[in-house]
Amino acid sequence: MLLNQPLPEDLGGLLRKEGIDPNLAWLCVQTDINLSGLYEPIYLLVLPERLTTVGQPGSNGQGVLRIDLKRADIKEFRTRQGVGGGFIDALVDGVYVEVLAYSNARADLFHKVAGKLKDWAENKEVSVTAEDDKNPRKCPVCGLTLEFPGDVCRRCVNRGAVFVRVLKLMRPYAGKAIIMMCLVLASIGISLIPQHLVRLLIDKVLAPEQAHNPALDPEQAKRWLLGLVGALFGTHLLGAVIGMFTGRLGSFVGTQVSYDMRSRVLNHLTRLEVAYYDRYNVGQLMARVAGDTEQMRGFVHQLTSGFLAQLIQLVVVGAMLFSLNWRLGFFTLLPAPLVFLAAMFFWKRIYPRFYRVWDANSKLHGTLNTILSGIRVVKAFGQERKEQDRFGVSSAYIRDSSRGVEYTVSAFNPAIGIIFQLGGLIVWYVGGQWVLQDKLLPGDYSGPRFTLGMLMQVLGYLWMFYGPLGSLTQLTSWLTQFLTATQRTFEILDTPVQIVEAKDAKRLPAPRGAIAFENVAFGYNRHEPILKNVSFEVRPGEHLGIVGKSGSGKTTLTNILARFYEVDEGRVLLDGADVREINLADLRRCVGIVLQEPFLFRGTIYANITYGRRDATPEEVMAAAKAANAHDFIMHHPLGYDTYIGERGAGLSGGERQRVSIARALLYDPPVLVLDEATSNVDTESEQLIQQALARVTAGRTTIAIAHRLSTLKNSDRIVVMDDGRIVEMGTHEELMVLGGLYHRLVKIQTELSREPSVDALVVEGKK
Amino acid sequence: MTDRGTPEAVIGPDPTKVRFLTPHMCRIHLGSHGALHVTVANERIYGGVYAAYAFPVAYPDKYIALIHSVGRGRDIEIGIIHDLNEFPPADADLVREALARRYFVHTITKLTSIGWKYGFIAVEAETDKGPVDFLMRWQYDRAVDYGQDGKVLIDVDENRYLIPDLRQLPPGELADLQRYIYW
């Protein structure tokens, strides 16, 4: 077991000499670094009444015992984050003593150890079980640290299986895909015909004597010429038609598979819990949905005109070359390794330099954007010269990185051209000799029968052979990129939905809005609880205010209530039912949230207000907007409710956005309304309007309001005061003021601050 | 003089002002169980102190904060050492040791190999703490700038590997690195 590892024999012996029996330890775990920040195996042993850390004696003159503490002397334990690692500290005699250090590779393990030590210090029953070995952040097969619990291990993922899954995605379009592949084969077959026709043209019509063919009479020659040119035209035409159909089919299948994948990924993303979005930034996910799914289209393209087609062409043309003349076939292959090596060199060494150019371009755009967007600040501080210099550095970075690439490419391209020509030159020389000898010394010539037409045919195939050879060197690079991108997409699809609806979930047809938190503990990171044993009740229709310092757990309470996150311990009840047992749609229907930063979508104001209730009538929408004090400003827009607003409500002021979001919540008409700092980001005049609106919206509705401005909560039925994840005070405003605790202190601070003249207040007064 | 009461009882210096610690006003020493202590003249002894850089890149030997934990996640800054070299060597060494403990960073001395493996960048390197091999995600935030010309690589476990100055790498190693870490 990870938390009960065997102590090395020699250390055990040394420890016994110190009077400590290691067999009594109920916890023995090895850390990787010592308290000097150097790699050294150090063992933490916890016995019933003492704790020791043990290391090999000798280093820095230290003995076997590094730390030795009695339980009775320890008041508490904590973990402390360093840079690249962390510490377990013990509070001894009023001083935090460093017990051990660990690198970040073992952070999860030692967070678990710290949890055990806390219980041990408090004399609680504690033990080590096999369950403790489970670490959802580590791959159970290879031990690689995963990005988040339940993530797919990239090391262990079966890449072949990824390929199979991609092919399975094409199953609905199997018929079209088979036709497409048949057309690809036909296209390759047809591409071989023109070379054969050219050979006939030369050997039969244009220079029959060099092939020892009877000369045609002029009329016959004209007919042959016309026929062969016509056949050439027909072949090219057929090739073009097949190419067109292949392209259309490829495009259809590719775009359709990409479309299917995008839809599946987005459907899954919308089902994943909010915690998933804490782990990934939106930019990353956008790249996955937009970019990685597009790789599917690239895959189909590779089948039709990319690597698969080229591979087939390489084999077929190679076979043709050898069947025409194996010796020339061999000469054709001579420069092939060079072509291959040169292409490998290009993709491995030169191509990555393009990344630097892209990076340089994006940095230049970033710099330019900053300078031009902030031009007022630049001018105000007289920093034009400095910004010009800064831009100069970015610009020089592009110049230098572009030169680096272009100088190399300009040398590389002629070099690779020479290699390609080399094969042609060998074939010209050897094949040309055979043609000459056969022509000039037909009686003495004992070499292969070789005509000018055959030579031209071989040269034609040669270029068809080298082309795919160069491209195929990118196959591994493309394959890695494709499999990685596809795997990233599958990772999303494979991410289990953590917050799922219970079987036989309870319906809430007529919710009353009674809420109860029972001994709730929760942390976004399990090792750092945000809520600690929180219990309280809210009656239907009651107004509950929540106050506390930033980070005290106020918003977390509401996140738990809406079941955006699952509690670690305890339970949350809505109308007497555990929220985990309630139908999710009913639960979300019960709880409406107005956030500090209202989120509006691109679209009309009407569409935003009806976001939660698409069936609302215009009368209901206007009534909601009126109640939210939004109607008047909406009507000032020329297009009224049909006014289009941009992303995140661009085009509206902060206060206007908030009032639209209140109208949205009002139309949704939830029995429980959560107001999370709903007025903290708006000016005083807007706040007044919003407060009036909220007074109407919250009447008779269970309301939980979080606010920093305590004056807005003064009229709440009850106020909960939170500190460090715990409820420290609860009561009415008057009761809490009499209590003289944290709430009283916060009110006092705000009263003193509000004596300062406010610009907002002056503006409002000026308007009166 | 050490406060043996509850940690919450501690009252620190004025939190609105930066206080520079000088050798004349304070002494740095070890207390029980090897905990770092700082005695500030006419004030008190602070136990269980740790050190943190204010400018780890620009001034690695200057502007070092000494911080005292008062419990329940609260820390107070005792003051800032303007220049560690002004302190007696024994005191300065204790601070340097405390910094070495807090900043567990491998300094790369030789980049043995770098490649693409399992969808990660796989790195093998020699460091001041011995040879290492690690996997890192190919993302901008996993190789961050360190001063003008340095980089800090962050592996899947959040361990840190410092290349103080890319220009000091041999050309071959730099080219290998920039094939992947091109930003």
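The values are calculated or read from the model by the stated rules, or taken from the named source; none is laboratory data. This structure is a prediction, so every number in the text was calculated from the model and none was measured. Cβ sites come from the backbone with ideal geometry, for glycine too, and all protein chains shown count toward neighbours.
Does the range B:28-44 hold any residues that are surrounded by fewer than 17 Cβ atoms within 10 Å (Cβ to Cβ) and in a strand (DSSP E or B), and which are they? Can you show your working first?
We begin by selecting, within the range B:28-44, every residue surrounded by fewer than 17 Cβ atoms within 10 Å (Cβ to Cβ); these are B:29-30, B:32, B:34, B:41-43.
B:His29, B:Leu30, listed by residue number.
Per-residue answers, yes or no, for (1) facing chain A (nearest Cβ under 10 Å); (2) not charged (D, E, K, R):
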{"residue": "B:Phe134", "(1), (2)": "yes, yes"}
{"residue": "B:Ile154", "(1), (2)": "yes, yes"}
{"residue": "B:Glu158", "(1), (2)": "yes, no"}
{"residue": "B:Gly172", "(1), (2)": "no, yes"}
{"residue": "B:Tyr182", "(1), (2)": "yes, yes"}
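Scanning the range B:135-150 for residues being of a type in the set (Asp, Glu) and buried (at least 16 other Cβ atoms within 10 Å of the Cβ) gives a total of 0.
Does the range B:145-183 hold any residues that are under 16 Å from the mean Cα position of the chain (by Cα), more than 16 Å from B:Tyr103 (Cα to Cα) and without any contact (Cβ under 8 Å) to a residue 24 or more places away in the chain, and which are they? Give the steps one after another, and end with the answer.
At the first step, the residues of the range B:145-183 found to be under 16 Å from the mean Cα position of the chain (by Cα) are B:145-147, B:150-154, B:158-164.
Narrowing further to those that are more than 16 Å from B:Tyr103 (Cα to Cα): B:145, B:147, B:150.
B:Asp145 - this is the single residue of the range B:145-183 that is under 16 Å from the mean Cα position of the chain (by Cα), more than 16 Å from B:Tyr103 (Cα to Cα) and without any contact (Cβ under 8 Å) to a residue 24 or more places away in the chain.
Which residues, counting only those in the range A:109-130, are among the charged types (D, E, K, R), closer than 23 Å to B:Asp157 by Cβ and out of contact with any Ser or Thr (no Cβ under 9 Å at 6 or more places or on another chain)? I'd like the intermediate steps shown before the answer.
Filtering the range A:109-130 for residues among the charged types (D, E, K, R) gives A:112, A:116, A:118-119, A:122, A:124-125.
Among the residues that remain, those that are also closer than 23 Å to B:Asp157 by Cβ are: A:112, A:116.
Listed by number, the list holds a single entry, A:Lys112.
For the range A:329-364, taking the residues that are within 21 Å of B:Trp116 (Cα to Cα), without any contact (Cβ under 8 Å) to a residue 60 or more places away in the chain and among the aliphatic types (A, V, I, L, M), the one that is nearest to the other protein chains (Cβ to nearest Cβ) is identified as A:Val357. Reported count of residues in the range A:577-611, each being in a loop (DSSP other than H, G, I, E, B) and not assigned by TED's automatic domain parsing to the domain that holds A:Ala707, is 1. Just to be sure, is A:Asp93 modelled with pLDDT under 90 and within 11 Å of chain B (Cβ to nearest Cβ)? Considered against the rule, which asks whether it is modelled with pLDDT under 90 and within 11 Å of chain B (Cβ to nearest Cβ), A:Asp93 comes out as yes.
Within the option set A:Glu518, A:Glu542, A:Glu501, being over 13 Å from A:Val579 (Cα atoms) and among the acidic types (Asp, Glu) holds for one residue only, A:Glu542.
Apart from one condition, A:Ala396 fits all of (1) within 14 Å of another protein chain (Cβ to nearest Cβ); (2) within 26 Å of A:Phe412 (Cβ to Cβ); the exception is (1). Within the range A:532-546, the set of residues being modelled with pLDDT of 85 or more and out of contact with any helix residue (DSSP H, G or I) (no Cβ under 6 Å at 6 or more places or on another chain) comprises A:Val534, A:Ser535, A:Phe536, A:Glu537, A:Val538, A:Arg539, A:Pro540, A:Gly541, A:Glu542, A:His543, A:Leu544.
Right, A:Ser550: free of Cβ contacts under 8 Å to residues at least 12 places away in the same chain and either at negative phi or not in a strand (DSSP E or B) (or both) or not?
Details: free of Cβ contacts under 8 Å to residues at least 12 places away in the same chain: yes; either at negative phi or not in a strand (DSSP E or B) (or both): yes.
Yes, satisfied.
Of all residues in the range B:100-121, those being farther than 22 Å from B:Pro60 by Cβ and within 10 Å of chain A (Cβ to nearest Cβ) number 5.
Between A:Leu574, A:Leu557, A:Leu561, A:Leu544, which is surrounded by 18 or more Cβ atoms within 10 Å (Cβ to Cβ), touching a Pro at 6+ places or on another chain (Cβ under 9 Å) and outside the structural domain of A:Val274 (by TED's automatic domain parsing)? Spell out how you get there, then give the answer.
Details: A:Leu557 fails: touching a Pro at 6+ places or on another chain (Cβ under 9 Å); A:Leu561 fails: touching a Pro at 6+ places or on another chain (Cβ under 9 Å); A:Leu544 fails: touching a Pro at 6+ places or on another chain (Cβ under 9 Å).
Every option except A:Leu574 fails the conditions.
Within the range A:538-546, the presence of at least one residue that is over 25 Å from the mean Cα position of the chain (by Cα) and closer than 30 Å to A:Thr79 by Cα is confirmed. Among the residues of the range A:522-531, not a single one is in a loop (DSSP other than H, G, I, E, B) and at pLDDT 85 or above.
Restrict the check to the range A:590-610 and report whether at least one residue is polar (S, T, N, Q), modelled with pLDDT of 85 or more and within 17 Å of A:Ala505 (Cβ to Cβ). Reasoning before the result, please.
Step one: filter the range A:590-610 for residues polar (S, T, N, Q), giving A:596, A:604, A:608, A:610.
Restricting the remaining residues to those that are modelled with pLDDT of 85 or more gives A:604, A:608, A:610.
From what's left, within 17 Å of A:Ala505 (Cβ to Cβ): none.
No, the range A:590-610 has no match at all.
Of the residues A:Val317, A:Val289, A:Val300, which single one is in contact with a Phe, Trp or Tyr (Cβ under 7 Å, 6 or more places away or on another chain) and assigned by TED's automatic domain parsing to the domain that holds A:Gln195?
A:Val317
Screening B:Tyr63 on (1) within 14 Å of chain A (Cβ to nearest Cβ); (2) crowded, with 17+ Cβ neighbours inside 10 Å; (3) free of Cβ contacts under 8 Å to residues at least 40 places away in the same chain shows it passes everything except condition (1).
Anything in the range A:99-126 that is at the interface with another protein chain (Cβ under 7 Å from one of its Cβ atoms) and within 30 Å of B:His29 (Cα to Cα)? List them, or say none. Result: A:Ala101, A:Ser103, A:Asn104.
Only one entry of A:Asp260, A:Asp278 meets the criterion of being acidic (Asp, Glu), in contact with a helix residue (DSSP H, G or I) (Cβ under 7 Å, 6 or more places away or on another chain) and more than 14 Å from every other protein chain (Cβ to nearest Cβ), and that entry is A:Asp260.
Residues in the range A:90-108 that are touching an Asp or Glu at 6+ places or on another chain (Cβ under 9 Å) and part of a helix (DSSP H, G or I): A:Asn104, A:Ala105, A:Arg106, A:Ala107.
For the range A:25-82, please list each of the strands (runs of 3 or more DSSP E) lying entirely inside it that holds at least 1 residues being within 19 Å of A:Glu9 (Cα to Cα). Before the answer, list the steps.
Numbers: elements: A:27-33, A:39-46, A:50-54, A:65-70, A:74-81.
The strands (runs of 3 or more DSSP E) meeting that bar are A:27-33, A:39-46, A:50-54, A:65-70.
Whether any residue in the range A:192-210 is away from chain B (no Cβ under 14 Å), among the acidic types (Asp, Glu), surrounded by fewer than 16 Cβ atoms within 10 Å (Cβ to Cβ) and under 30 Å from A:Leu321 (Cβ atoms) is what I want to check. There is at least one residue in the range A:192-210 that is away from chain B (no Cβ under 14 Å), among the acidic types (Asp, Glu), surrounded by fewer than 16 Cβ atoms within 10 Å (Cβ to Cβ) and under 30 Å from A:Leu321 (Cβ atoms).
Considering the conditions (1) away from chain A (no Cβ under 14 Å); (2) in a helix (DSSP H, G or I), B:Ala58 is excluded by exactly one of them, (2). Taking residues in the range A:232-257 that are outside any helix (DSSP H, G or I), and partners anywhere that are at pLDDT below 90 and among the aromatic types (Phe, Trp, Tyr), not one pair has Cβ atoms closer than 9 Å while being at least 6 places apart or on different chains.
For the range A:354-364, the criterion of being exposed (fewer than 13 other Cβ atoms within 10 Å of the Cβ), at pLDDT 80 or above, of a type outside the set (Val, Ile, Thr) and in a helix (DSSP H, G or I) is satisfied by no residue at all.
One residue stands out in the range A:482-498 among those that are more than 14 Å from every other protein chain (Cβ to nearest Cβ) and of a type in the set (S, T, N, Q): the one that is nearest to A:Val300 (Cα to Cα), namely A:Thr495. Take A:Arg155 and decide whether it is under 30 Å from B:Asp155 (Cα atoms) and either aromatic (Phe, Trp, Tyr) or in contact (Cβ under 8 Å) with a residue 24 or more places away in the chain (or both). In short, no.
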